[in-house]
Amino acid sequence: MENREGVVILDGGMGRELARRGAPFRQPEWSALALMEAPHTVSEVHEAFIHSGAEVITTNSYALVPFHIGQARFASEGEALTRLSATLARQAADRHPGVRVAGSLPPLFGSYRADLYRPEQVAALATPLVRALAPHVDIWLAETMSLIAEPLAYRALLPNDGKPLWVSFTLEDDVPGSEPRLRSGEPVSSAVRALVEAGADAILFNCCQPEVIEAALAEAVATLAMLERRDVRLGAYANAFPPQPKEATANDGLDEVRADLGPADYLIWAERWKAAGARLIGGCCGIGPEHIAALSAHFAGVADE
């Protein structure tokens with residue numbers, strides 16, 4: 001389903017919303033801890049985002065990698081926990097006709113850290129995730145990808161099930177106006193070319209500051225036009241963190257959330273992304289149901305009439 005503005009509304013950040021609601025939450029397990037100890041809270045967050053207007057919800061499988069839960073727990077419980085995350089999302093979506101489930105395929109070696117990528121380990125880590133998600137999801141979402149190689153490796157491991165592949169890259173949090181690049185330093189134009197060739201149905205930008213996304217969308221639009229590929233959709237879902245340093249990792253501790261990114265502030269950025277070509281819009285870390293409600297109302301034409 002699309003609203004009359006042609007925008008599909010995605011959900012927001014699972015981990016911070018769990019923490020805000022008092023669910024079990026600590027580093028390094030992050031959002032995985034609630035799945036292990038209080039899975040009903042994960043269902044509650046899915047419901048909150050759906051009631052706020054999300055048309056696509058994402059499985060809480062982002063932290064189900066050894067980087068967060070440890071190698072031993074991943075080996076013994078990783079696939080079962082991923083299956084649980086998919087089941088909870090599927091159950092929530094099925095209670096609301098028209099809502100789809102995106103299966104989160106996370107960075108396997110740590111968010112933002114392209115330097116930690118180990119291609120020889122990808123198949124062993126990714127295969128259980130893919131196997132557990134496959135029966136339950138409508139969309140494959142490789143998200144917070146910091147380099148081109150990782151989503152290409154995921155692509156090779158996905159089943160030929162005809163489900164759309166969305167790939168979302170995280171960008172360097174540089175001063176706006178510089179050339180948009182992935183956290184690996186690779187240009188956005190190169191990433192778009194590679195993923196188009198690999199058959200991605202949508203390319204998004206997430207888990208970076210909203211200020212850097214507009215230029216990345218413009219670069220993506222130009223690259224797609226050059227490739228004559230108007231069928232590939234674009235999207236964005238920023239986080240609410242201050243700029244993240246190159247050596248940052250996802251479990252160093254809880255980052256502060258910016259005070260200048262309330263729902264109304266975030267909506268201003270979202271409108272700019274739409275003008276730049278985004279049609280899949282939601283939120284990442286620190287973006288809650290209230291933000292998604294503002295997006296849904298605005299792009300449905302309610303808030304601005």
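Throughout, read-outs are computed from the coordinates displayed, never taken from laboratory work. Bear in mind the structure is a predicted one, so any value in this text is a computation, not a measurement. Cβ placement follows ideal geometry from the backbone for every residue including glycine, while neighbour counts extend to all protein chains displayed.
Phi angles across the range 129-142 convert, under the Karplus curve 6.51 cos²θ - 1.76 cosθ + 1.60 with θ = phi - 60°, into 3J(HN,Hα) values of 5, 4, 4, 6, 7, 3, x, 10, 9, 9, 9, 8, 10, 7 Hz, Gly and Pro given as x. Relative to its residue count, the chain spans a Cα convex hull of 118 Å³ per residue.
Taking Cα centre as origin and charging only the Cβ of basic (Lys, Arg, +1) and acidic (Asp, Glu, -1) residues, the dipole magnitude of the chain rounds to 660 debye.
Legend: calculated FRET efficiency, GLN121 to ALA275, from the Cβ-Cβ distance at R0 = 45 Å, rounded to 0.05, equals 0.65.
Using R₀ = 41 Å, calculate the FRET efficiency as 1/(1 + (r/R₀)^6) where r is the Cβ-Cβ separation of ALA218 and ARG73; round to 0.05.
Once rounded, the FRET efficiency stands at 0.45.
As a proxy for reagent exposure, THR87, THR223 were ordered by neighbouring Cβ count within 10 angstrom, fewest first; the result is THR87, THR223.
For an R0 of 51 angstrom, estimate the FRET efficiency from the Cβ-Cβ distance between ARG230 and THR87 and round to the nearest 0.05. For ARG230 and THR87, the calculated efficiency is 0.90.
Straightening the chain between LYS163 and ARG95 buys 22.4 nm, computed as 0.36 nm per residue apart minus the Cα-Cα spacing.
The calculated 222 nm mean residue ellipticity attributable to helices in the chain amounts to -12500 deg cm²/dmol, summing -39500 (n - 2.57) over DSSP H runs of n ≥ 4 and dividing by all residues. Proximity of backbone amide H atoms, modeled 1.01 Å from N, is registered between THR58 and ASP11, ALA102 at under 5 Å, excluding neighbours fewer than 5 places apart on the same chain. Bridges between two residues of the range 8-299, per DSSP, are antiparallel at a rate of about 5%.
Between the residues ALA297, GLY98, SER61, the greatest Cα displacement towards the positive end of the dipole of the range 8-299, with unit charges on the Cβ of Lys, Arg, Asp and Glu, is found for GLY98.
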